[in-house]
Amino acid sequence: MTLAAACWLALCSVAVSAQPAPGDQHYRQAAWAFYLQQPAQALETLQLAPQQDQRTQLLEAGLYLQLAMPQHAAKVLAPLVQDDAAAGLPQSLLNIALLQFARHQLELGNESAAKHYLSRVNIAADQSWLGQQQLLQQLLHWPHIDIPAAPDFAALQQQAEMPYIISNQALALAQAQPQQALQWLDGLQQHLQRPQQQSFWQLLFSGQWQLLFSSDWYLASKPQGFVYAEDEYQALHDYLQLLQAQLHISQQDFAAADAILSDFAANSVLSPAALGLYSHILTEQRHIPTLLSVLQQQIKLQPFSIIAWQAATRIGEQLERALQQQDALAAYCWADQYYRQQQQLIEQQAAPLQVTQLEQGLSDWQQLQVSQHNELNRLQQDILALQQQLRQAPVRQQRLNRLEQVTAYKLAQQQQLLSSQLPVLQQRQQTLLQQAGQLKQHISQAGAEPMSLLLADNNLHPQLSLLQQAEQRLAQLQASGAEPANSSYQLRLQRLRGLLQWQYYDSSAQRQLQRQRALAALDSAVQQLDVNLAALQQQGDKAARLSQVDLRLGQLNGQQQQLNLALLSQQQRLLAQLNQQLQQRRQQDLATLADLQRYNKEAMARVMERVLLLAGPAEAEARND
């Protein structure tokens with residue numbers, strides 16, 4: 001399983017198993033970006049989240065892994081695997097993360113870290129990942145692995161890793177009990193048989209149509225065991241056949257091995273390995289014509305491989321063994337020229353690589369090295385993944401800059417709105433409250449007096465004032481003991497008061513209603529102004545939040561620049577490692593070719609000497625004749 005596939009498996013489970021809280025948009029947007037195969041954008045979105053919890057940290061660790069930054073992933077993942085911290089995560093989710101990170105550490109060659117993370121996996125509550133756990137344990141402890149008394153097909157029946165686990169156990173068992181190991185492989189072959197699902201029409205025309213009306217049809221059609229894809233099934237089948245052939249060869253049972261390899265699929269991905277075993281069998285059985293054909297196929301199908309190089313010399317050896325000295329000499333001479341050509345081609349095709357060459361395509365020799373060595377293949381995939389992220393870096397940087405500009409513009413608008421509108425609204429609120437208070441006071445005073453001047457109109461107001469003055473003057477006269485004529489004045493004042501009172505009550509009701517309406521309008525205006533002030537204050541809160549977002553965007557912009565530099569530095573470091581290892585492979589291949597060429601020249605000299613010795617008597621006989 002590749003790193004990208006591992007991250008996909010773990011993080012999709014994160015997104016499905018750990019349901020995001022309502023309103024947690026950053027997590028959901030990051031999960032969606034990850035689904036779109038955009039890990040850098042997902043990481044950027046995740047870092048904008050105002051709060052970080054365990055599931056976001058787990059997603060962040062997976063994104064760092066997909067970006068080929070295992071150090072950052074380890075730093076994020078370390079606190080999550082602690083006993084106290086892991087209590088908040090589902091065990092199945094934690095198992096996925098630990099298994100994938102342990103596998104990645106193993107691919108990096110850090111076995112101690114891989115063992116540490118694997119030891120934290122708890123499969124007791126979740127058997128779904130039993131196969132991955134056992135396979136990782138075998139890889140970490142090979143060849144000292146646990147061998148059960150019998151293969152546990154039942155427990156591993158639904159595990160995709162079942163054939164790899166049991167075949168590894170059989171290989172370890174073969175060191176002491178090869179026959180029992182062969183029996184295990186035979187049993188494994190039987191469990192790899194593709195399930196024959198009975199369809200509706202098969203049941204209908206086979207006389208078993210009664211099963212269609214019962215639940216037994218589902219049981220009859222349900223596959224028993226893990227169902228492999230066709231290509232993977234064929235590869236597993238071929239791999240087990242190769243293991244069986246190897247065990248037969250180790251027991252000197254060449255006939256059984258020949259029976260397996262003679263019918264081996266020519267289009268299989270393992271056909272080169274099968275040809276190598278088959279050539280060994282033919283060598284032991286001295287089937288020289290067939291062996292020569294197999295050796296020629298190895299040279300044709302496996303250029304730049306040590307098997308093909310050895311096959312070039314073995315052709316001459318087999319002809320020499322058949323006492324065909326002239327043909328053997330010709331084969332050795334051809335092998336010498338072949339080695340020279342291979343050395344020249346390796347020198348030409350082993351030039352240091354650049355990133356563009358990795359994208360456009362490698363040379364035949366470089367492609368062979370990358371396909372045969374997992375570490376080189378991983379380096380190539382990581383470099384290409386980093387290149388893809390670096391291509392998207394300007395787009396991410398431009399998006400962050402645009403977000404900063406938009407946030408700064410909105411923040412300036414909010415601040416300008418607060419500085420210009422807030423004082424005006426506050427002053428208007430004070431004015432309206434003052435007017436409403438005065439109007440309430442007038443209404444209260446008018447209600448307390450029988451005929452208040454506050455409710456009189458412009459024509460009635462001076463008359464009421466004169467009446468009140470006259471009544472006050474008459475009261476003063478009565479208090480001073482004035483003449484009885486004052487009673488006539490009092491009668492006239494009462495008549496006048498009655499007339500003015502009739503006029504007053506005729507107009508005061510309308511004035512009272514007008515003032516009540518004016519007071520209600522003032523109250524409504526005050527309420528609307530309160531709403532406007534509250535909305536403006538909310539805008540002030542938004543301004544504070546925008547300030548935080550602007551600050552966070554600035555920090556993220558700096559982090560993005562650092563991330564781009566880290567990605568570029570990581571890519572250059574991985575490219576240097578790839579070129580260094582390729583150069584080491586080149587030196588090893590050239591050294592191997594030099595050794596084979598030296599051996600071939602020695603054989604060629606030996607055969608040439610024999611040819612000359614045989615040619616001497618033949619010439620003497622020709623002269624005598």
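Points worth noting:
- The accessible-area ordering, largest first, of the residues Val607, Val76, Val549 stands as Val549, Val76, Val607, per a 1.4 angstrom probe.
- Here the Karplus relation 6.51 cos²θ - 1.76 cosθ + 1.60, evaluated at θ = phi - 60°, turns the backbone of the range 583-594 into coupling constants of 5, 5, 5, 4, 4, 5, 5, 5, 5, 5, 5, 5 Hz, with x for every Gly and Pro.
- Phi angles across the range 133-149 convert, under the Karplus curve 6.51 cos²θ - 1.76 cosθ + 1.60 with θ = phi - 60°, into 3J(HN,Hα) values of 5, 5, 5, 5, 4, 5, 5, 7, 10, 5, x, 8, 10, 6, 10, x, 5 Hz, Gly and Pro given as x.
- Packing-based order for 562-568, 284-290, using average beta carbon neighbours within 10 Å, highest first: 562-568, 284-290
- Kirkwood radius and radius of gyration were both taken over the C-alpha atoms of the range 321-389, and their ratio Rg/Rh is 1.26.
- Average accessible area per residue (Å²) across the range 104-161 - probe 1.4 Å, nucleic acids and ligands excluded: 54
- Karplus-derived HN-Hα couplings along the range 280-288 (A = 6.51, B = -1.76, C = 1.60, θ = phi - 60°), whole Hz, x at Gly and Pro: 5, 5, 5, 5, 5, 8, 6, 8, 5
- Peptides 552-561, 178-187, 100-109 ordered by average Cβ neighbours within 10 Å, highest first: 100-109, 178-187, 552-561
The values are calculated or read from the model by the stated rules, or taken from the named source; none is laboratory data. Just so we're clear, the structure is a prediction, and the values are computed from it rather than from any experiment. Cβ sites come from the backbone with ideal geometry, for glycine too, and all protein chains shown count toward neighbours. Side chains included, ligands, DNA and RNA excluded: accessible areas come from the protein's heavy atoms. Shrake-Rupley method; radii C 1.70, N 1.55, O 1.52, S 1.80 Å.
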